[in-house]
Every structure is written in C-alpha cells, then in structure tokens.
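Chemist: Quick one: the structure is below, and I'll ask about it shortly.
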Amino acid sequence: MKRMHFLKKIKYEIIPNIKNNNKSHYFYSTVKRRFGELYQPKTRYEKKKHLEIINEVYFDMTDAMNEKNKLEIEEYKNIDKNISEIILNHTISKKNEVIRNIMKYCIEISCREKKGNHEKSTHTNHNNSNRLNDAIKYPSGINKKHELEEDILNVIKTSIMEYSSQFNSCDIGILLKCFIKIKVDDINLINTLFHYFFKRNMKFSQYGSLYVLNAFAKFNLLPKHENYFKLLTSHILQKLDKFDFKNIPLICNYSSSLYSYDKEYITNFIEQICNFLISNKYIIICEDNNKIFLHTDQIESNNITPNLNNSNSSINQLDQIWSVDSIHYVTNALARVNYLKKNLFVFFKILIEKKVAFFSIDQLVSLTNAFSKFKNAEESNFLSLYLLIADQIINKSYLLKPRHLSVLANSFNNACILHQKLFQIISENSLAQISLFEPKQIIMIIHSYVNIGLGNNILLKSIWNYAILFINEYTIQELSMLLQAYTKSSQYIEHFLNQLSQQISHFFKKTYPFLFDTYDNILYDHQKYINLSIEFKNNQKNISANITDKYIPLSFYLIYNYPNYISFIDTLKNNKTKKNLSDINTLVDEYKRDSSPKTDNLVTDLKQNTEIKNISTFQNSQCTFNSFQTYSETIDNVQINNTNIKDKHINKNNDKTTYSNEIDTIHYFVIAY
C-alpha cells in the first residue's frame with residue numbers, strides 16, 4: 001500500500017514538477033559540483049571579488065582599484081567599446097603589472113609581519129627552532145632572507161621609475177599607499193611620482209588625492225614639498241563635491257596630523273571642509289543656543305546621501321551617513337587643530353549618543369580626549385556624554401591597554417569628572433599592567449590622579465618609584481608635570497625629589513649652556529641689540545617656525561636686555577632737552593660724563609637706578625616674554641616723542657639706522673613674541 005502511494009506521488013507530483021522546472025520538489029542534487037567545492041569566477045566582477053579573497057588587492061583599496069579601472073576606461077573612450085573591454089579584460093599593461101607586483105609584495109610582507117608577531121607572542125619558547133629553520137632555508141644566514149626581499153623591492157622600484165610617466169593620478173596614489181603600508185619612504189621615488197601627479201592635464205582622482213595627502217601625513221615631506229602640499233589642499237577644496245562622503249573625514253584626519261607644520265593653514269583648511277559639510281547639510285546646526293535643528297518630519301528618497309539642492313535632511317539619514325569611523329575622524333581632527341566650535345561638537349554629541357554601542361574601545365577613548373578640550377564637562381553640557389561613554393568603557397574594560405588608561409585618566413581629569421567606578425578600573429588595570437607603561441603614560445597617570453584628588457590612591461602610592469626609573473628619558477615638559485604633581489601631592493620622597501631636581505638642572509645645562517656663561521656675555525651693547533632685533537625681524541617667519549640653537553641664546557639676549565634698551569632710550573630723551581647732540585657717539589660720551597649712578601657698558605642695574613620710569617615689574621633684569629606686553633605703551637610713547645631726535649640729530653653722516661627705526665624694529669620683535 002505504501003509502495004503504491006509512493007509510486008503515485010512520483011508519477012503525478014514529482015515528475016510533472018521536474019518537467020515544469022519547479023526545483024522546490026527536487027529530492028536530489030542537480031548541481032554537478034560537490035558540496036563545499038569553490039565555484040570558479042567567470043565574469044569580471046567575480047574575478048575582482050576572487051582577487052580580494054586570495055589577497056591580491058588590499059581590502060581597503062578595492063574602491064581605489066575600481067576608480068583606477070574607470071579612469072582606464074576613459075583613456076580608451078576613443079576606441080570601440082567592445083575592443084576597449086577586450087583590452088582591459090584580457091591584457092595586462094606594463095604599468096598595471098607593476099602595480100600588481102607592488103601590491104602583492106606589500107600584502108605578503110604585511111601578512112608575514114602579522115604572522116611573525118603572532119608567533120612571537122604565542123610561541124616565545126620556540127624562537128631558537130624558528131631561527132634554525134630559517135638558517136636551513138637560507139644557508140648564507142638569516143639575513144639572506146631580508147636581502148632577497150630588498151632585492152625584490154629594488155626591482156619593483158626600478159620598474160616604477162621606468163613606467164612612471166604612464167601612471168594616472170589614481171595609480172600614483174595607489175603606489176604611495178602601498179609604500180605607506182610597508183613604511184618605505186624612498187624620497188627620489190616619491191619626488192618622481194609627485195612630479196607626474198601634479199603635472200598639468202592630470203585627471204582628477206579622489207583616491208589619488210586622498211593617498212597623496214596620506215603620504216604627506218606619514219612621510220617627512222614638509223617643508224621641502226610645501227608648494228605641492230598647498231597645491232594639493234587647494235585642489236581638494238575645489239573638488240570636495242566629487243569626493244565620496246566617507247573620504248572627507250579621512251581628509252580631515254590626515255591633514256590634522258600636519259597641524260604642527262603650519263597651524264594657521266591647517267586649521268583654515270579643516271574649517272573650510274566643515275563649512276562645506278554644513279552648507280551641504282551633512283551637518284545640521286542652529287546658531288542659537290548651540291542646538292541641533294533637525295527636520296525629522298521631512299520624507300527623503302531612499303538614497304541616504306542628502307540632496308545638495310535640498311535644505312533639509314532628516315536625522316535618520318544622517319545617522320546612516322555618519323559612520324562611527326567618520327564621527328571619530330572628524331571630532332579627533334577638530335580637537336587636534338583646536339577648532340573648538342561648540343555647535344559642531346553638539347551635533348556630534350547627538351550622533352555619538354545614538355551610536356555609542358558601536359564604537360570600539362580606541363574610538364571611545366579618543367572621543368573623550370577630543371571633548372576634554374572643552375574642559376569642565378558640566379559647564380559645557382557634555383556631562384551626559386561622558387557618563388554614557390564611561391559605561392561603555394566599563395563594559396569593555398578587559399580591552400584596556402596602558403595607552404587607553406593614561407588617556408582616559410587625563411581626559412576625565414580635564415573634564416573635571418571623578419567617575420569612581422571608572423577610576424577604580426583604571427587603577428586595577430594600571431597596577432596589573434604597570435610594567436607595560438611608557439614613561440609619558442606614567443606621567444599622565446600621576447598628573448591626572450593628583451589633580452583629580454586621588455593623591456592617596458593605591459596606584460599613585462605604587463607608581464612614584466616606578467616613575468623614577470625613567471628619569472633620564474623624560475622631556476622637560478614631562479619633568480615639569482612630574483614636579484608639579486609631586487608638589488601638589490602629600491608625598492615626601494627625598495631621593496625622588498633629588499633625582500628629579502638633578503635631571504631638570506642637567507637638562508638646562510645641556511640644552512641652554514649660554515645660561516651658565518659669565519655675566520659679561522649678556523652685557524648690554526646698543527648696536528649689538530639693534531642688529532639682533534633687525535635680524536629677528538627679517539627672519540621672523542623662519543625663526544618662529546623652527547627656532548635653532550643659533551637663535552636661542554640670541555633671543556635670550558634680547559629678552560634679558562629689553563629693560564636696558566628702554567633705559568637707554570629714556571636717557572636719550574632726558575638728555576635731549578639739555579643739549580643738542582650731533583650723532584650717537586656724542587650722546588654716548590655725554591651719557592658717560594653723567595654723574596648719575598649707572599653700570600659699565602650701559603648696563604642698567606634696576607635696583608640702583610631709580611630714574612627709569614615705568615619699569616617696576618622687572619627684578620635683577622630678569623625679563624620674561626609676558627613682560628613685553630607691559631612696555632608696549634612705553635615703546636609707542638618713546639617712538640612718538642623721539643621723532644625730533646631722528647630728524648635733527650641722528651641722520652648725520654647718512655646713518656640709515658635711526659632710533660625711530662630701531663624702536664619700530666624692537667616693537668615688531670615684542671609683538672611677534
């Protein structure tokens with residue numbers, strides 16, 4: 001009976017369904033390949049995806065490769081479409097072969113380094129056997145392995161130089177990105193690639209521009225390539241509307257790392273990018289009360305990118321556009337360049353609160369550091385954000401590393417938030433990982449704990465002696481932070497204080513030896529003072545950007561003798577009413593014949609000379625930079641009242657260095673500092 005039922009089912013149900021191609025009733029496999037067997041790619045799209053799987057293309061550079069292919073298609077636009085597709089799909093040009101070789105080489109090197117680090121961390125007891133295996137594979141020694149890699153890289157570099165004229169802008173960007181990944185900064189090769197990237201009629205490539213900017217951030221290319229850099233940034237600003245949105249935060253991130261090179265220029269660059277985002281409704285703000293102006297009732301299209309011609313965008317769309325990486329990059333860049341516009345950070349605060357669960361531990365720590373630039377969190381209305389981030393960090397506390405711990409302590413200290421549970425976790429993790437802390441991180445922990453009021457914390461009691469182990473590695477800034485924290489704490493460790501004082505003294509003796517020279521070296525000489533001030537004025541841009549050892553003692557001379565210069569000018573004014581002098585030498589002689597108390601070489605002792613006006617804040621001629629501002633009005637008055645001296649007495653013998661000009665020069669120097 002059952003058999004008859006089964007045969008009827010086959011005859012009247014299964015077979016008709018098979019004839020009608022209804023595969024839902026198949027009870028056997030009609031696929032020729034066995035389960036688990038890979039399906040070989042046939043179409044161009046499948047081949048590209050296959051290349052990603054077998055590590056022929058970096059996973060984060062697939063979009064760049066797509067743009068590269070589009071640019072190549074445009075190069076063949078004058079050829080029949082079918083022919084151009086055949087050329088692109090079935091042939092490999094020499095330049096593309098070079099790009100494929102460098103990318104494959106970089107991927108293999110990166111994978112080998114990751115594998116080596118993993119083996120080193122998990123199999124530390126097998127180092128000798130690994131070395132033996134390498135020695136067997138390379139009889140000439142272990143270094144032979146690295147020599148072969150260098151030889152391969154040199155061949156690739158030679159090929160790049162040979163075909164450099166054939167690369168388009170995207171190709172050049174991809175090559176530079178590969179060099180960034182393996183940390184190879186061949187200056188000659190970079191110069192050649194830059195030459196072709198910035199030549200005329202080079203087609204725009206967003207990934208080419210992005211990767212070239214990344215090269216400026218990673219390699220030491222400034223100020224040598226300053227013109228190229230400014231040309232690139234101006235070009236990026238002109239083409240911002242052609243960039244994918246996800247790449248704009250990367251531009252902010254890369255450029256902000258160059259902030260120390262030219263602070264004003266980089267800040268202005270990022271400001272213009274923010275203005276672009278605001279004008280195109282990627283950022284929606286309201287100028288009043290720093291509140292977000294959201295149009296949640298607006299119905300947009302399915303495309304999540306805001307319509308650039310539409311003035312409204314919903315917050316739901318912005319949630320989709322702004323990924324956690326994009327939020328992190330922009331907020332970090334704004335904080336790094338000190339572009340602290342409250343309304344921008346209020347906008348990002350709302351986005352962060354909606355996506356806080358999706359941020360990594362690195363990003364959460366970085367965000368607290370960025371918002372800590374506003375100092376007191378309660379006054380700046382960011383307290384709720386800190387508490388929300390703190391809860392997430394506590395849940396992920398097992399991922400905290402020394403870098404996270406030090407930055408967290410510093411951020412919450414700056415924000416004036418004593419989150420007891422968070423600081424308890426910081427203390428416990430710091431004690432467990434204290435041997436992994438870097439010297440700078442130890443300083444940050446100590447400084448933060450003392451300032452926040454945790455001077456008696458168990459971590460702080462244990463870390464003082466550990467901090468002294470790195471006393472020779474601290475910079476002067478770190479030494480000063482350590483000294484400040486020690487004086488604020490209730491600790492008294494005599495050997496710690498002695499070593500700290502000795503290291504600070506040693507630093508000044510080594511870095512500023514002129515401070516310990518004889519007193520004669522800083523005696524005031526008027527002509528020397530004027531010449532130095534003129535030199536500083538003429539070289540003000542270079543000196544302020546990168547002050548050298550040559551200018552440090554000279555600037556100290558100008559600072560130290562500034563009150564003496566004022567005294568000298570006042571003496572000229574006072575003697576002007578007594579007698580008309582023909583030139584500067586006569587005036588100096590008259591000054592020497594004066595019986596009033598004065599020191600040699602026109603050096604004014606401020607304790608003895610009571611005739612100098614408006615100089616009450618200097619003691620023992622110890623002048624500071626801040627003291628300059630006290631004398632700005634004095635200088636202006638001297639400049640106005642001394643005009644007659646210039647006209648009547650100083651210009652004899654065609655002497656171009658008049659006192660009025662000298663005063664202008666000094667005034668310029670004072671303002672500059």
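Chemist: When you check Phe204 against the structure, is it over 20 Å from the mean Cα position of the chain (by Cα) and buried (at least 17 other Cβ atoms within 10 Å of the Cβ), yes or no? Full working, then the answer.
Modeler: On the way: over 20 Å from the mean Cα position of the chain (by Cα): yes; buried (at least 17 other Cβ atoms within 10 Å of the Cβ): no.
No: the conditions fail for Phe204.
Chemist: Quick one: how many residues across the range 327-359 are under 20 Å from the mean Cα position of the chain (by Cα), of a type in the set (S, T, N, Q) and at pLDDT below 95?
Modeler: Result for the range 327-359: 1.
Per-residue answers, yes or no, for (1) touching a strand residue (DSSP E or B) at 6+ places or on another chain (Cβ under 8 Å); (2) in the same structural domain as Tyr565 (by TED's automatic domain parsing); (3) closer than 30 Å to Lys224 by Cβ; (4) modelled with pLDDT under 85:
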residue: His495; (1), (2), (3), (4): no, no, no, no
residue: Leu500; (1), (2), (3), (4): no, no, no, no
residue: Ser505; (1), (2), (3), (4): no, no, no, no
residue: His526; (1), (2), (3), (4): no, yes, no, yes
residue: Ile534; (1), (2), (3), (4): no, yes, yes, yes
residue: Lys537; (1), (2), (3), (4): no, yes, yes, yes
residue: Ala545; (1), (2), (3), (4): no, yes, yes, yes
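Chemist: For the range 88-109, enumerate the residues that are loosely packed, with under 14 Cβ neighbours inside 10 Å and either modelled with pLDDT under 80 or not assigned by TED's automatic domain parsing to the domain that holds Ser169 (or both).
Modeler: Asn89, His90, Thr91, Ile92
Chemist: With the structure loaded, tell me whether Lys263 is over 17 Å from the mean Cα position of the chain (by Cα) and either surrounded by fewer than 21 Cβ atoms within 10 Å (Cβ to Cβ) or assigned by TED's automatic domain parsing to the domain that holds Asn338 (or both) or whether it fails that test. Spell out how you get there, then give the answer.
Modeler: Working: over 17 Å from the mean Cα position of the chain (by Cα): no; either surrounded by fewer than 21 Cβ atoms within 10 Å (Cβ to Cβ) or assigned by TED's automatic domain parsing to the domain that holds Asn338 (or both): yes.
So Lys263 does not fit the description; no.
Chemist: Go through the range 458-474 and give me each residue that's surrounded by fewer than 19 Cβ atoms within 10 Å (Cβ to Cβ) and either touching a Ser or Thr at 6+ places or on another chain (Cβ under 7 Å) or not assigned by TED's automatic domain parsing to the domain that holds Ser411 (or both).
Modeler: Scanning the range 458-474 gives a single hit, Ile458.
Chemist: Kindly indicate whether any position in the range 409-422 is out of contact with any helix residue (DSSP H, G or I) (no Cβ under 8 Å at 6 or more places or on another chain) and either in contact (Cβ under 8 Å) with a residue 60 or more places away in the chain or among the acidic types (Asp, Glu) (or both).
Modeler: no
Chemist: Let me ask something else. Quick check on this structure: which one of Leu250, Leu222 is surrounded by fewer than 21 Cβ atoms within 10 Å (Cβ to Cβ), at pLDDT 95 or above and not β-branched (Val, Ile, Thr)? I'd like the intermediate steps shown before the answer.
Modeler: Details: Leu222 fails: at pLDDT 95 or above.
On inspection, the qualifying residue turns out to be Leu250.
Chemist: For the list (1) assigned to a helix (DSSP H, G or I); (2) more than 22 Å from Lys95 (Cβ to Cβ); (3) in contact (Cβ under 8 Å) with a residue 24 or more places away in the chain; (4) not aliphatic (A, V, I, L, M), I need the number of the one condition that Asn268 fails.
Modeler: (3)
Chemist: Follow-up question, since we're still on this one. Determine whether the range 237-247 contains at least one residue that is within 18 Å of Asn332 (Cα to Cα) and either outside any helix (DSSP H, G or I) or under 12 Å from the mean Cα position of the chain (by Cα) (or both). Outline the logic, then answer.
Modeler: Going through the range 237-247, the residues within 18 Å of Asn332 (Cα to Cα) turn out to be 245-247.
Checking the rest, the ones that are also either outside any helix (DSSP H, G or I) or under 12 Å from the mean Cα position of the chain (by Cα) (or both) come to 245-246.
So far as the range 237-247 goes, yes, one or more of its residues are within 18 Å of Asn332 (Cα to Cα) and either outside any helix (DSSP H, G or I) or under 12 Å from the mean Cα position of the chain (by Cα) (or both).
Chemist: Going through the range 468-484 one residue at a time, which ones are assigned to a helix (DSSP H, G or I) and out of contact with any Phe, Trp or Tyr (no Cβ under 8 Å at 6 or more places or on another chain)?
Modeler: Step one: of the range 468-484, the residues assigned to a helix (DSSP H, G or I) are 468-473, 476-484.
Across the range 468-484, the qualifying residues are Leu469, Phe470, Ile471, Asn472, Glu473, Gln477, Glu478, Ser480, Met481, Leu483, Gln484.
Residue-wise test of (1) of a type in the set (Asp, Glu); (2) surrounded by fewer than 20 Cβ atoms within 10 Å (Cβ to Cβ); (3) without any contact (Cβ under 8 Å) to a residue 60 or more places away in the chain.
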| position | (1), (2), (3) |
| --- | --- |
| Ser326 | no, no, no |
| Lys373 | no, yes, yes |
| Leu385 | no, no, yes |
| Ile389 | no, no, yes |
| Leu405 | no, no, yes |
| Phe437 | no, no, yes |
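Chemist: Among the residues of the range 417-425, is any under 28 Å from the mean Cα position of the chain (by Cα) and either on the phi > 0 side of the Ramachandran plot or not assigned by TED's automatic domain parsing to the domain that holds Ile393 (or both)?
Modeler: No, the range 417-425 contains no residue that is under 28 Å from the mean Cα position of the chain (by Cα) and either on the phi > 0 side of the Ramachandran plot or not assigned by TED's automatic domain parsing to the domain that holds Ile393 (or both).
Chemist: Now, a different point. When you go through (1) exposed (fewer than 10 other Cβ atoms within 10 Å of the Cβ); (2) modelled with pLDDT of 75 or more; (3) closer than 26 Å to Ser165 by Cβ; (4) not hydroxyl-bearing (Ser, Thr, Tyr) one by one for Ile79, which number turns out not to apply?
Modeler: Going through (1) exposed (fewer than 10 other Cβ atoms within 10 Å of the Cβ); (2) modelled with pLDDT of 75 or more; (3) closer than 26 Å to Ser165 by Cβ; (4) not hydroxyl-bearing (Ser, Thr, Tyr) one by one, Ile79 breaks only (1).
Chemist: Next question. Taking the range 448-474 on its own, how many of its residues are in contact with a Lys or Arg (Cβ under 8 Å, 6 or more places away or on another chain) and β-branched (Val, Ile, Thr)?
Modeler: 1
The values are calculated or read from the model by the stated rules, or taken from the named source; none is laboratory data. Values in this document were obtained by computation on a predicted structure and should not be read as measured data. Because the Cβ atoms are built from the backbone with ideal geometry, glycine has one as well, and the counts that use them run over all protein chains shown.
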